[in-house]
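Report on the structure given below.
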Amino acid sequence: TGKKNSSSMKEFILLGLSENHRVQKICFVVFLLFYTLTVAGNLLVVLTVTSSRHLKSPMYFFLCHLSFVDICFSSVTAPQMISSFLVENNTISFAGCIGQLFGVHFFGCTEVFILTAMAYDRYVAICRPLRYPALMSRRLCGRMVGVSWAGGFLHAALQTLPTALLPFCGPNRVAHYFCDVHPLLRLACADTRAEGLAAVANSGVISLSCFLILVTSYVVILVSLRGRTLAGWHKALSTCGSHIIVVILYLGPSTFVYIRPSGDLSEDRSVAVFYTIITPMLNPFIYTLRNGEVRGAMRKLCRRKV
């Protein structure tokens with residue numbers, strides 16, 4: 001059986017978050033609400049930024065892309081997970097599983113790079129305010145977003161291809177609510193230590209290095225604020241506060257899951273909920289509640305539509 005190729009496995013069964021029927025019913029309602037809020041909230045941000053004549057600064061350009069990525073990222077995992085609470089065996093085809101694996105890493109990594117680009121934007125805005133229009137030109141912002149999408153695609157391809165080429169000959173029960181590298185490596189009929197290390201090196205290093213870059217950028221920003229007035233401190237920190245919260249909520253859990261070799265998968269499942277479901281839902285609230293310009297533009301958009 002070890003010589004069978006990946007095509008011998010036609011489908012996988014996703015075990016989901018819980019096998020307790022009462023917990024599943026509660027989870028169905030809770031996560032359906034979360035997913036609805038994620039799509040509605042992020043779609044509202046995209047429509048607000050694209051339709052407003054006042055939200056044309058680089059910060060809002062990046063925020064619009066971040067919200068679009070959040071919709072895609074959450075849609076790769078949430079619908080499959082929500083349906084798992086209603087069925088006995090939540091099956092996914094081999095092609096669907098590999099597609100989901102690619103989508104999770106493509107949109108997840110793109111989000112990491114966009115968050116990093118947003119941190120650079122905040123650094124220039126606070127530390128180089130006079131040169132901000134020249135340094136953060138429309139062309140540069142477009143290139144940064146383009147590189148984020150291209151980097152996400154390359155990362156996803158490097159994660160997906162080695163996993164897709166592994167031989168799977170049974171069992172087919174994936175100990176997760178979506179197809180990810182570590183749970184699939186456990187099911188392969190081959191020695192997967194090299195693929196496991198490659199996955200840690202790829203996802204783990206990207207998550208950790210971007211996290212360290214982001215933390216460093218905020219340390220530099222805080223150091224540059226020495227000697228400024230209290231009003232200057234307040235303005236700078238209110239500008240960065242939303243971004244810091246999102247970075248901690250998203251990169252903290254994802255770094256924990258990917259920086260270490262394959263460990264306790266039930267632990268990984270619980271932590272993954274934060275960066276696949278919770279953070280994409282909270283992003284629109286975090287950014288809009290702390291931003292008067294976006295709130296005002298949203299009210300105008302809603303009045304126009306009504």
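Exposed loop sites here mean GluC sites (Glu not before Pro) with a DSSP loop assignment and at most 12 other beta-carbon atoms within 10 Å; the chain contains its longest site-free run at 89-306.
Just in region 146-197: which chymotrypsin sites (Phe, Trp or Tyr not before Pro) are loop by DSSP and have at most 16 other Cβ atoms within 10 Å?
none
Efficiency by 1/(1 + (r/R0)^6): what FRET value for Leu37 and Ala150, r their Cβ-Cβ distance, R0 = 25 Å, to the nearest 0.05? Don't skip to the end; give the middle numbers.
Values: r = 30 Å, r/R0 = 1.20.
Given R0 = 25 Å and the Cβ-Cβ separation, E is 0.25.
Here the relative contact order of the chain, from alpha carbon pairs under 8 Å that lie six or more residues apart, stands at 28 percent.
Put Tyr120, Tyr35 in order of accessible area, largest first, 1.4 Å probe: what do you get?
In descending accessible area the options line up as Tyr120, Tyr35.
Measuring only protein heavy atoms, the 1.4 Å probe finds Ser83 accessible over about 50 Å². Extension gain, Val29 to Asn89, is 19.7 nm, computed as 0.36 nm per intervening residue step minus the present C-alpha separation.
Modelled spin-label separation between Asn172 and His54, with each label point placed 7 Å from Cα along the Cα-to-Cβ direction: 5.6 nm. Taking the chain as the region of interest, the number of lysine pairs whose Cα atoms are within less than 28 Å, with members eight or more places apart or on different chains, is 4.
A 1.4 Å probe, protein heavy atoms only, puts the accessible area of Ile286 near 20 Å².
At R0 = 25 Å, how high is the FRET efficiency between Ile13 and Ser270 if r is their beta carbon distance? Nearest 0.05 is fine. Let's see the in-between values first.
Details: r = 20 Å, r/R0 = 0.78.
Taking R0 as 25 Å, the efficiency between Ile13 and Ser270 is 0.80.
If I take R0 = 45 Å and measure r between the Cβ atoms of Arg143 and Asp191 in this structure, what FRET efficiency does the formula 1/(1 + (r/R0)^6) give, to the nearest 0.05? The value I calculate is 0.65.
With N as its number of residues, the chain has a Cα radius of gyration that, divided by 2.2 N^0.38 Å, comes to 1.08. The distance between label points at Trp233 and Arg303 comes to 3.7 nm (points 7 Å beyond Cα on the Cα→Cβ vector).
Suppose accessible area is computed on protein heavy atoms with a 1.4 Å probe; arrange Asp70, Asp191 from highest to lowest.
On the way: Asp70 0, Asp191 100 Å².
Accessible-area ranking of Asp70, Asp191, largest first: Asp191, Asp70.
Please determine, in degrees from 0 to 90 and to the nearest 10, the orientation of helix 58-84 with respect to the longest principal axis defined by the Cα atoms of the chain, where the helix direction is its Cα long axis. Result, in degrees: 20. When both region 193-220 and region 81-124 are represented by their alpha-carbon centers, they are found 17 Å apart. For region 30-131, the gyration tensor built on C-alpha atoms gives a prolate shape. Its axis ratio a/c (a ≥ b ≥ c) is at least 1.5, and a/b is the larger of a/b and b/c.
The values are calculated or read from the model by the stated rules, or taken from the named source; none is laboratory data. Note that the coordinates shown come from a computational prediction; the quantities given were computed from them, not determined experimentally. In this analysis, Cβ positions are derived from the backbone assuming ideal geometry, glycine residues included, and neighbour counts consider all displayed protein chains. Just so you know, the surface numbers come from the protein's heavy atoms only, side chains and all, with ligands and any DNA or RNA stripped out. Shrake-Rupley method; radii C 1.70, N 1.55, O 1.52, S 1.80 Å.
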